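Okay, so here's the structure we're looking at.
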Amino acid sequence: MAAVTVLCCVGFALVNLDLLTTGFFAGEDYDRLTADHPVGFAVMNLLVLVLKLAGAFVAALTVAPRVRTSAPGRLLAPPVVGVSAHAAWITLGVYCAGSIAQGIVMIVEGDGIALGELAYVGFFALFALCYGVLGLSYHRRAGLRPRHLVLGTLGAIVLGGVLTAAIVTLTALGLVPSST
């Protein structure tokens, strides 16, 4: 499960790297927005790229041997890995819940949903589930306390706040459009 999660993180990071460089995966609408606001979209792509690579790193650390020790040579202490893994799955879970709610509104309003949009949300739901299993399994194996799950929840809130603050700041500076 960790390998799938790491590959998903790295795969999605490569898409962001492409959007920053060649634009192979960019669609016509994205091309128009980035042509009008190249700096803002580059900043957001870079931020998301870093978060995805950090996510791959955390997923790999959840299956690293000797989780109960903070021996020299360990990159991060077990509580940091546990809190980070919890923050990841909670963030993805909230993102999926929001996407599902948006999809329901679209159906109710008669807009419909494309198969690609359903697949996208389904993929992120699976991604959140993988992180949840990794986070909870690591929590148990590392002997973490309930407060680490609470801290992971707070970390998800902080992460959402950082992403929101970034887009609000870029919008206020005129580096991204206020609506698309």
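The values are calculated or read from the model by the stated rules, or taken from the named source; none is laboratory data. Since the model is a prediction, treat every value here as computed from it, not as a measurement. Here the Cβ positions follow ideal geometry from the backbone for every residue, glycine too, while neighbour counts run over all protein chains shown. Quick note on the areas: whole protein, heavy atoms, side chains included, nothing else; ligands and nucleic acids left out. Shrake-Rupley method; radii C 1.70, N 1.55, O 1.52, S 1.80 Å.
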Exercise for the section: Tell me, please, whether a residue that is under 14 Å from THR62 (Cβ atoms) and charged (D, E, K, R) can be found in the range 111-125. Expected result: no
Exercise for the section: Scan the range 99-137 residue by residue and report those that are of a type in the set (S, T, N, Q) and free of Cβ contacts under 8 Å to residues at least 60 places away in the same chain. Expected result: SER99, GLN102
Handout entry: Considering residues of the range 49-88 that are open to solvent by less than 50 Å² (accessible area, probe 1.4 Å) and among the hydroxyl-bearing types (Ser, Thr, Tyr) only, the residue modelled with the lowest pLDDT
Key = THR62
Fill in the blank from the handout: For the range 1-28, pairs from a residue that is closer than 30 Å to VAL63 by Cα to a residue that is at pLDDT below 85 and open to solvent by 70 Å² or more (accessible area, probe 1.4 Å), with Cβ under 6 Å and 6 or more apart or across chains, are VAL15/PHE25; ASP18/PHE24; ASP18/PHE25
Problem - Selection from the range 113-131 of residues that are over 17 Å from LEU7 (Cβ atoms) and open to solvent by less than 30 Å² (accessible area, probe 1.4 Å) - result: none
Practice task
Inspect all residues belonging to the range 95-107 and state whether any of them is buried (at least 16 other Cβ atoms within 10 Å of the Cβ) and either among the acidic types (Asp, Glu) or more than 17 Å from the chain's Cα centre (by Cα) (or both).
Solution key: yes
Practice task
Hey, can you tell me all the residues within the range 4-25 that are at pLDDT below 85 and open to solvent by 40 Å² or more (accessible area, probe 1.4 Å)?
Solution key: PHE12, VAL15, LEU19, LEU20, THR21, THR22, PHE24, PHE25
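Can you tell me which residue within the range 132-148, out of those that are open to solvent by 60 Å² or more (accessible area, probe 1.4 Å) and either of a type outside the set (D, E, K, R) or not in a helix (DSSP H, G or I) (or both), is nearest to LYS52 (Cα to Cα)?
VAL133
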